[in-house]
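Reading through the structure tokens given below for one structure.
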Amino acid sequence: MPNVFTATDSAAALDQAAARYQKIALVVGRPASGKSSLLRTIAQQMNMPLLNLGLDLSTKLLPLTARERKLKASDIVADILDTHESQRLAVDNTEIVFDPTLMLNPLGLLQSISRTRLLVWAWNGTLDNGHVTYAYPGHPEYHRIPTQDMTLIALE
């Protein structure tokens, strides 16, 4: 069973996530549910950098060809996060990792990056029956991922 917290319990959620092998706290909510606001608050309270992954990644991908983007996207995400020496990062505007042309595995990406640092990651979607969902079935960006061993902050 996943560990689901509310926004008011976000400090407890981060403590739990930091104690796990994969240090991920997903802030799950639909568009305009308050994910960015909560991430800003968490970043300020916990003195951690707040990254706009969509802006940072798209800026670095822009000069590359479509083929180069597919080949380098995962490494570029890791490089963006590695530019911050902090052991805790809040990451917003993460929708770009679901772009099918980049051929990224969002969960695999999160898992590999979160072994060495706590990630508080915005997940634009829903929490339902032990899964987080991004987009809807049939949509090219659709992902449905089981949440066992994940820490979740639900904004629904």
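The values are calculated or read from the model by the stated rules, or taken from the named source; none is laboratory data. All values reported here derive from a predicted model rather than from experimental measurement. Quick reminder, even Gly has a Cβ in these numbers, built from the backbone with ideal geometry, and neighbours come from all protein chains shown.
Summary table below
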{"read-out": "Contacts under 6 angstrom Cβ, first residue in segment 112-128 being within 18 Å of D92 (Cα to Cα), partner in a strand (DSSP E or B) and of a type in the set (S, T, Y), 6 or more apart", "value": "G125/T133; G125/Y134; T126/T133"}
{"read-out": "Matching residues in segment 116-148 - criterion: being surrounded by 12 or more Cβ atoms within 10 Å (Cβ to Cβ) and within 14 Å of Y21 (Cα to Cα)", "value": "R117, L118, L119"}
{"read-out": "Exclusive hit being of a type in the set (S, T, N, Q), at pLDDT below 95 and on the phi > 0 side of the Ramachandran plot, set N93, N124, N47", "value": "N47"}
{"read-out": "Residue list for segment 1-49, restricted to those being in a loop (DSSP other than H, G, I, E, B), surrounded by fewer than 20 Cβ atoms within 10 Å (Cβ to Cβ), in contact (Cβ under 8 Å) with a residue 12 or more places away in the chain and not small (G, A, S)", "value": "M1, P2, T6, R20, Y21, Q22, R30, P31, P49"}
{"read-out": "Subset of segment 139-156 (residues that are of a type outside the set (V, I, T) and either part of a strand (DSSP E or B) or closer than 19 Å to P49 by Cβ (or both))", "value": "H143, R144, P146, L152, A154"}
{"read-out": "Residue list for segment 56-86, filter: touching a residue at least 12 places away in the same chain (Cβ under 8 Å) and out of contact with any helix residue (DSSP H, G or I) (no Cβ under 9 Å at 6 or more places or on another chain)", "value": "H84, S86"}
{"read-out": "Filter result for A73 (over 21 Å from D9 (Cβ atoms), surrounded by 14 or more Cβ atoms within 10 Å (Cβ to Cβ) and at pLDDT 95 or above)", "value": "yes"}
{"read-out": "Complete set of residues in segment 99-111 that are touching a residue at least 12 places away in the same chain (Cβ under 8 Å) and either exposed (fewer than 13 other Cβ atoms within 10 Å of the Cβ) or in contact with a Cys (Cβ under 6 Å, 6 or more places away or on another chain) (or both)", "value": "P100, T101, M103"}
